[in-house]
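Written below as structure tokens is the structure these notes are about.
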Amino acid sequence: MYGQSPATQAGVDKCSCGIGSDEHHLPMGEVFRGSEALRDGVLTEHQLRRWYRPIFRDVYVPRRYEQSLVDQTIGAWLWSRRQAVAGHIAP
């Protein structure tokens, strides 16, 4: 799926989402590009606005999802159209 985090690809779900007033079944990974989801018909514009919030331009997470630093890094990479290289300095 588009924008799936390594945790989701490995089968580890950080978010247990069900149908209800505040939650929704996720058709994709925690962090994803909205334009790809719309293009592929995975979500409608209404679903994207209703159930997800942007963390970067065209990069979304579920509305009540608590994102981690890894999610933000993945979001930045998706925002760069998968062109960026991330790194850090060890303490």
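The values are calculated or read from the model by the stated rules, or taken from the named source; none is laboratory data. Computed from a prediction, not measured in an experiment: that's the story for all the values here. We place every Cβ from the backbone using ideal geometry, glycine too, and count neighbours over all the protein chains shown.
Could you identify the single residue in 86, 76 that is of a type outside the set (Val, Ile, Thr) and either surrounded by fewer than 13 Cβ atoms within 10 Å (Cβ to Cβ) or in a loop (DSSP other than H, G, I, E, B) (or both)?
86
Residues of segment 37-60 that are farther than 21 Å from residue 85 by Cα and surrounded by 15 or more Cβ atoms within 10 Å (Cβ to Cβ): 37, 38, 42, 43, 48, 51, 52.
For segment 13-34, the set of residues classified as within 12 Å of the chain's Cα centre (by Cα), among the small types (Gly, Ala, Ser) and either at pLDDT 95 or above or more than 18 Å from residue 80 (Cα to Cα) (or both) consists of 34 only. For residue 3, are the conditions met, namely being in a loop (DSSP other than H, G, I, E, B), out of contact with any Phe, Trp or Tyr (no Cβ under 6 Å at 6 or more places or on another chain) and either small (Gly, Ala, Ser) or at pLDDT below 75 (or both)? No: the conditions fail for residue 3.
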